[in-house]
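The values are calculated or read from the model by the stated rules, or taken from the named source; none is laboratory data. Keep in mind it's a predicted model, so treat the numbers as computed, not measured. Using ideal geometry, Cβ is built from the backbone for each residue, glycine included, and neighbour counts are taken over all protein chains shown. Just so you know, the surface numbers come from the protein's heavy atoms only, side chains and all, with ligands and any DNA or RNA stripped out. Shrake-Rupley method; radii C 1.70, N 1.55, O 1.52, S 1.80 Å.
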Amino acid sequence: MALLEASKSWQGSAPGSVNPDLASERQTASFCVERLTALLDGGAEQTRIRRAVVDAIESDPVFSRENQYFQTQNERYEAAVRKAVHLQKKMHEMGWTENGPEYKYIYRALSGDVAFLLHRVFMRSISVLGSDKQIAKWIPLATQHKLIGSYAQTELGHGTYLQGLETTAVFDTATQEFILNTPKISAMKWWPGDMGRSATHTVVFAQLYIHGKCYGIHPFIVQIRSLQDHSLCPGITAGDIGPKMNFEHIDNGYLLLRNVRVPRENMLSKFCEVRPDGTYVRQGSQKINYFTMTTVRISLISDEVLTPLMKACTIAIRYSVVRRQSKLKPGEQEAKILDYQTQQEKLLPQLAAAYAFYFTNDYLQELFNRGYREIQRKNFDMLPELHALSSGFKAVITQHCTAGVEICLRACGGHGYSLLSGLPSLYTKILASCIYEGENTILLLQTARFLIKCFMAASAGQPVPPSVTYLAAVKHGKCPAKNKLDFLSPDIYIEAYQHVAVRLTSNTAAKLQDLIQSGVKKHDAWNQCTVQLVQAAKAHCHYIAVKNFAETVEKLETKAGIQKIMKHLCDLFALHGIFSNTGAFLHDGYTSAAQMDMVTASYLDLLAVIRKDAVPLVDAFDFTDKSLNSALGSYDGHVYQRLYEWAQRSPTNQMSPAYERYLKPLLHNTLSKL
Amino acid sequence: MFKGVAKSSPSRSSPSRGSPAKPSKSSTNELAVLISRMQTNADQVEKDILETQSRLKQDSSNHQKNKAFEFQTENARNLKEAETLLKDLFLDVDRAKRLRHPQAPEIEKDIQQLHDRVTQLCAEYRALYEQLNVPEVGPRVDWARILDQKMKQVNAGQYGPGMSELEKQIAEHNILQKEIEALVLNDPDFQHEDLNFLSRSQRYEQAIRKSSLMVMKLREYGIADPEEIYWFKSFVHRGRPEPLDLHLGMFLPTLLTQATPEQQDRFFMPAWNLEIIGTYAQTEMGHGTHLRGLETTATYDPSTQEFILNSPTVTSIKWWPGGLGKTSNHAIVLAQLYTQGQCKGLHAFIVPIRQLGTHEPLPGITVGDIGPKFGYDEMDNGYLKMDNFRIPRENMLMKYAQVEPDGTYVKPVSDKLTYGTMVFIRSLIVGDSARSLSRACTIAIRYSAVRHQSELKPGEPEPQILDYQTQQYKLFPLLATAYAFHFVGAYIKDTYHRISGDISTGDLTELPELHALTAGLKAFTSWTANAGIEECRMACGGHGYSRCSGIPDIYVTFTPSCTYEGENTVMMLQTARFLMKSYTQVTSGQQVTGMVSYLNDLSRQRIQPQHVAARTVTVRINDPSSLVEAYKSRAARLVESAAKNLQAELNHRRSKEDAWNRTSVDLVRASEAHCHYVIVKLFTAKLAEVGDAAVRAVLTELCLLYALFGISRNAGDFLQVSAFSRSPSLKAASLLANVLQMPGCMDVIPISSWL
């Protein structure tokens, strides 16, 4: 009897069938999922191209990630290198090029599990920082993979603060060479990807010395491994930095340089050149270079930050309608856990944030494209604003999304803790984004510096960039909301966010001035305000994200129910922000305690509304099962069968020597004593 | 080869001249035989010694080169032979003395020397070959003496003025702990290899190796006290999970509390001696927190007097139990009991799962490892599927509920008893929250003092990152939190011990409150510590991301505690249920006691009708006890507000369950506020108990920091309650900044004692 039941339940996992608990969720969608997917992709044509790329990659066994969770660091590295090499072939085969429309989807389709990413950074830095002659020499070599490049900036003791780097490059006029050294342990290059085992060349950032005088940080192309047998070059010590929380497939490395000589031509010299006699010459404007570095921060948002959160939401929300737990009403079946308000309150704000930041990213991309066009025309006016926005949003989005992925992980209870859920690896990967390309706190302080400057300028009646004009219009009103429905009006909540951002900026500016006037040195005063400055920068970005979301919703097509559901998500995103930062809104009485209760009421109402569309909203992200690589998040919802099947494949289920070696003697030992 | 004899061997020399008693002819003959035999034997012993010496040397060098031993058997044989011969020699020399051989004393001395050399070699032999297998008899540690001595030292204050009150409180068991620590740390068998470089299978193997050794050493050292076992275990495994955790932590205790005396005879001693290794299989693939939903069945068959166990669906497969995957040969399985056609609910059964001797799964049992996880690599969390697996009737744990041979079910007397264990385990998690967060803080704060970055002042060297306000803001509140949680953990443990005395005597009145409180505190502390550990890691920048920083491991090991032993949100709602009950009591005119007694004030206000939120409280922001009042008001307001929202939902004629669900976010907030209040209150209360003025001062600052940080993080709640008018709240923020700059607060606090 029991056996019969068991076999029945196994039949449920037949291919093609969808777990009824998940199927029912899809029948009640209030909008057209396919249209939303197209909206996210930027048009149906883009969706088609993306799917074609994903399909080509996923149907190729070399790119399989099937056993990824069982692999060791060495196996992961090997697979990533294999994939990188195979990718060249594949691209050729498919006719994909670096400038083609398919290119941007390749990385996403591979889920980033591929080696030689730093090779591209190597090439980009040569293109940006190199002279025409250097570009002509190195780029073809790199393109044809005659060498593998890396990018060695960070040192063991120095990260964010570039001027603090300790590696030296001393110019020797006699031989026309630079002599590179890492004079101390803290000067050792540490972390560069692809450098631990793969790279043959790297761009080393070092303090340039000519005739005993230091000229600051400059980039040098240094060969570190032989092109014949891959052995380390003389004077080079390099290796892998060992285990990390994730990125097992990347050989992050260390590099020690002992009197390594490179020819004069190896200093990347688009902006500065060292002449044969040792004369140092600056040429051109570095501003364009500055712009490129800023762009990197924005470029990582989509693939490295938003994608993991969207995947995590997909996994957690699908699982939450399959998992049943306890009873909501006596006598009924156990309820889907997504029907619990507390579970909705964990997951749905993350879903709303994923959409909000998706649109923020669009906004930033557009802004940067405009900025790029301006810069082409030698107009650098937009640079400070772009820098402030890219720094602030990189920090805010990475932090928010990292926290969001962790919430998804924990919302899946015990099974979320299994690597097979896919969530731990999404989490450990995304959290590195809070640190690389600029540590978040430091980036927020850069945004804050811009805000304070603009606030001062605006107060003095000077013009300021468009994103901060609101700082000039300080109003002293109160929130006009009268009932909970008023808080579903974008005007009301945008105004509230604006008020908070202005208050935090102006208060901190005032505190800063007070401190300086009372005789505190400028830098000390700054340090004493940094906690509040960080808050101001966050409030600024939060305000722009909310405002942009609301403006995007307004422009959406009203057909197919898309605008309506996006409006709900926008409201949820805005109200969740208020609900979780009540203090900031109540602080100066702009919002009253009674109004705050209205916010809570509206916010909780929204959860129940969005709950109905939760599954269609994650379906619209359009992740394939292979790209999710999760036993909990698959489209068909056969969570438990998959978990059981995958577990049985685990190498830990092969007979382990531990029994023979340790357990048996232990058991035997006691048996003999009995 | 006798040295003494060789010079004047009796066989070669004539009977001694001048010997006072001349031996007779027959005795002379006997003596000659005796001496000759002794000579031969002694020569053989000498030979054995020399051979063994050189072979031991050879094997010792093999050992150093990690090569296999070559001569263990030969050496054993030689030494055994030498020992037998020596025994004969001693007997013979006694005889020689009796026969008055003039040189007998010298010969005896020579034999004694040979014996010493052999003894010496035996010691070397054991040292080389039997490092693990020759336990000395009796405890090696003289606990009584050490305790006595340490107590004297403590009392005499020989630790100097630095031996603070605080340290004594933090490390209640430091005295034993330090000795055990030394014992383990000095033991080469427990050498700490770098786990970061091991694969999952290797980590499991190392853990099981250490566990096996640990059990042997516990016996060897005669350590049996649970507290001592706990410390020993935590030093062997450095606070990491190990495959025998569930055997020691669940299987044995469950046998103790739920088995009948007969069952204890059958299972407890074999389990204690590790003939049986057991685990505790409760959670199923599809069912965790909601115990009644478990699907595994145990159907009683009176014809054979057996239970038939089944996992009828995929979701009913037992999933997660530690030690189940590869280690255990028994499991206590929780299953729905069916007898005489009726379901009698969940009961516990002892189920053999693997063959003793071969360790192969028994027929009808499917068992294995659930695969890779975020952390817990050393633990073989497993799955278990049972198909018509039969166990005898006597394998149901029957101390409380029973099934008689004919299938008649006998109900247990009280079902509240299981509360006790849950409370105990949850109290351990609170302690674990404090410890894990302390570890992460120690690493992050030390690193922040060593790491230099950017410039604060132009032209000056890069400052320690700990000098940045933003870094202090990240780390110091967490440090204060770690201290706060430590005191909470100690409080729950003490209260549990106090109340559990009552449980055994049948007084359960305090249990509901403690149960409700520990549920919430378990959730509150584990959530906070979980986030805090991550903040510590982030505060270490890139290097924090390297596993070698140690923080990733702390995190992945700690984070499941938000889920196990009661999912945190569910825990919070349990506390909320108690709060709502207490609130209802108060509104119906009854008084409540304990930590919720602040709710009594609500009814008092109702007499002079005034909304609780409208109360004006003057808060002194540099006075912890005044801050406790603020937390109290916030908790009262949120409890009241949740209760009113719940009532409003009910007034909309929703069902009780629906109303509860639609209020649950409010309810969780109320619980959080309640727990937060309890923690601030306990921390503040602790200050008064600290004798040392300097320690009290620094703890007071930490307590203030903890309380103020909570206020700034939840400013909205406090502003809404009007406990703070707006301007003092501003002051709170600036005071917070001042507290952050406390000079040298790190130097005073002995964080190292927690590592």
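Key figures
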{"read-out": "Among the residues listed as B:G357, B:G375, B:G322, the single one being assigned to a loop (DSSP other than H, G, I, E, B), under 31 Å from the mean Cα position of the chain (by Cα) and more than 9 Å from every other protein chain (Cβ to nearest Cβ)", "value": "B:G322"}
{"read-out": "Identity of the residue in the range B:253-270, buried (at least 16 other Cβ atoms within 10 Å of the Cβ) and under 26 Å from B:S316 (Cβ atoms), that ends up farthest from the other protein chains (Cβ to nearest Cβ)", "value": "B:Q258"}
{"read-out": "Lone qualifier among A:A594, A:A536, A:A608 - being modelled with pLDDT under 95, within 14 Å of another protein chain (Cβ to nearest Cβ) and in a helix (DSSP H, G or I)", "value": "A:A594"}
{"read-out": "Residues of the range A:413-434 satisfying the condition of being out of contact with any Pro (no Cβ under 8 Å at 6 or more places or on another chain), free of Cβ contacts under 8 Å to residues at least 60 places away in the same chain and either within 30 Å of A:H387 (Cα to Cα) or open to solvent by 20 Å² or more (accessible area, probe 1.4 Å) (or both)", "value": "A:C434"}
{"read-out": "Selection count where residues are hydroxyl-bearing (S, T, Y) and either within 12 Å of chain A (Cβ to nearest Cβ) or within 15 Å of A:D524 (Cα to Cα) (or both), scope the range B:433-476", "value": "5"}
{"read-out": "Residue check for B:T495: surrounded by fewer than 21 Cβ atoms within 10 Å (Cβ to Cβ), modelled with pLDDT under 95 and assigned to a helix (DSSP H, G or I)", "value": "yes"}
{"read-out": "Filter result for the condition that a residue is among the charged types (D, E, K, R), in a helix (DSSP H, G or I), away from chain B (no Cβ under 14 Å) and more than 30 Å from A:G112 (Cα to Cα), over A:E551, A:E557", "value": "A:E551"}
{"read-out": "Residue match in the range A:82-100 (condition: within 21 Å of A:I430 (Cα to Cα), of a type in the set (G, A, S), in a helix (DSSP H, G or I) and not assigned by the TED database to the domain that holds A:P243)", "value": "no"}
{"read-out": "Selection within the range B:448-467 - of a type outside the set (A, V, I, L, M), in a loop (DSSP other than H, G, I, E, B) and over 17 Å from B:R537 (Cβ atoms)", "value": "B:S454, B:E455, B:K457, B:P458, B:G459, B:E460, B:P461, B:E462, B:P463"}
{"read-out": "Test: residue in the range A:611-630 that is assigned to a helix (DSSP H, G or I) and within 14 Å of chain B (Cβ to nearest Cβ)", "value": "yes"}
{"read-out": "Per-region count, the range B:545-578, residues over 30 Å from B:T509 (Cβ atoms) and either outside the structural domain of B:A531 (by TED's automatic domain parsing) or assigned to a helix (DSSP H, G or I) (or both)", "value": "15"}
{"read-out": "Which listed residue, of A:Q73, A:Q46, A:Q68, is at pLDDT 95 or above, over 25 Å from A:T292 (Cα atoms) and not assigned by the TED database to the domain that holds A:K429", "value": "A:Q46"}
{"read-out": "Qualifying residues in the range A:136-152 (those that are free of Cβ contacts under 8 Å to residues at least 60 places away in the same chain and open to solvent by less than 50 Å² (accessible area, probe 1.4 Å)) - the one nearest to the other protein chains (Cβ to nearest Cβ)", "value": "A:Y151"}
{"read-out": "Subset of the range B:347-358 (residues that are buried (at least 18 other Cβ atoms within 10 Å of the Cβ) and more than 10 Å from B:M396 (Cα to Cα))", "value": "B:I353, B:R354"}
{"read-out": "Residue count for the range A:239-261, restricted to those that are assigned to a strand (DSSP E or B), of a type outside the set (D, E, K, R) and away from chain B (no Cβ under 14 Å)", "value": "4"}
{"read-out": "Qualifying residue in the range B:643-660 (condition: hydroxyl-bearing (S, T, Y) and either in a helix (DSSP H, G or I) or surrounded by 19 or more Cβ atoms within 10 Å (Cβ to Cβ) (or both))", "value": "no"}
{"read-out": "Residue satisfying all of: in the range A:184-225; out of contact with any Pro (no Cβ under 6 Å at 6 or more places or on another chain) and of a type in the set (F, W, Y); least open to solvent (accessible area, probe 1.4 Å) among these", "value": "A:F220"}
{"read-out": "Test for B:G288: is it farther than 17 Å from B:L384 by Cβ, open to solvent by less than 40 Å² (accessible area, probe 1.4 Å), in the same structural domain as B:H330 (by TED's automatic domain parsing) and not charged (D, E, K, R)", "value": "no"}
{"read-out": "Residues that are acidic (D, E) and in contact (Cβ under 8 Å) with a residue 40 or more places away in the chain, drawn from the range A:384-412", "value": "A:E385"}
{"read-out": "Any hit, the range A:165-182, residues being within 14 Å of chain B (Cβ to nearest Cβ), within 24 Å of A:G242 (Cα to Cα) and in contact (Cβ under 8 Å) with a residue 24 or more places away in the chain", "value": "yes"}
{"read-out": "Filtered residues of the range A:527-538 (kept if open to solvent by 10 Å² or more (accessible area, probe 1.4 Å) and within 24 Å of the chain's Cα centre (by Cα))", "value": "A:V531, A:V534, A:Q535, A:K538"}
{"read-out": "Test: B:G364 is in contact with an Asp or Glu (Cβ under 6 Å, 6 or more places away or on another chain), at pLDDT 95 or above and more than 18 Å from B:L246 (Cβ to Cβ)", "value": "yes"}
{"read-out": "Verdict on A:E155 being open to solvent by 10 Å² or more (accessible area, probe 1.4 Å), among the charged types (D, E, K, R) and in contact with a helix residue (DSSP H, G or I) (Cβ under 8 Å, 6 or more places away or on another chain)", "value": "no"}
{"read-out": "Breaking point among (1) part of a helix (DSSP H, G or I); (2) more than 9 Å from every other protein chain (Cβ to nearest Cβ); (3) open to solvent by less than 30 Å² (accessible area, probe 1.4 Å), for A:F585", "value": "(2)"}
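For (1) at pLDDT 95 or above; (2) of a type in the set (K, R); (3) open to solvent by less than 20 Å² (accessible area, probe 1.4 Å); (4) in contact with an Asp or Glu (Cβ under 7 Å, 6 or more places away or on another chain), each residue gets a yes or a no:
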residue	(1), (2), (3), (4)
A:P234	yes, no, no, no
A:N246	no, no, yes, no
A:G253	yes, no, yes, yes
A:P263	yes, no, no, yes
A:K287	no, yes, no, no
A:Y290	no, no, no, no
A:E304	no, no, no, no
A:K327	no, yes, no, yes
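Here's the yes/no breakdown for (1) farther than 29 Å from B:T40 by Cα; (2) open to solvent by 40 Å² or more (accessible area, probe 1.4 Å); (3) at pLDDT below 70:
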{"position": "B:L86", "(1), (2), (3)": "no, no, no"}
{"position": "B:R126", "(1), (2), (3)": "no, yes, no"}
{"position": "B:L132", "(1), (2), (3)": "yes, yes, yes"}
{"position": "B:R145", "(1), (2), (3)": "yes, yes, yes"}
{"position": "B:G160", "(1), (2), (3)": "yes, no, yes"}
{"position": "B:E167", "(1), (2), (3)": "yes, yes, yes"}
{"position": "B:E172", "(1), (2), (3)": "yes, yes, yes"}
{"position": "B:L198", "(1), (2), (3)": "yes, yes, no"}
{"position": "B:R203", "(1), (2), (3)": "yes, no, no"}
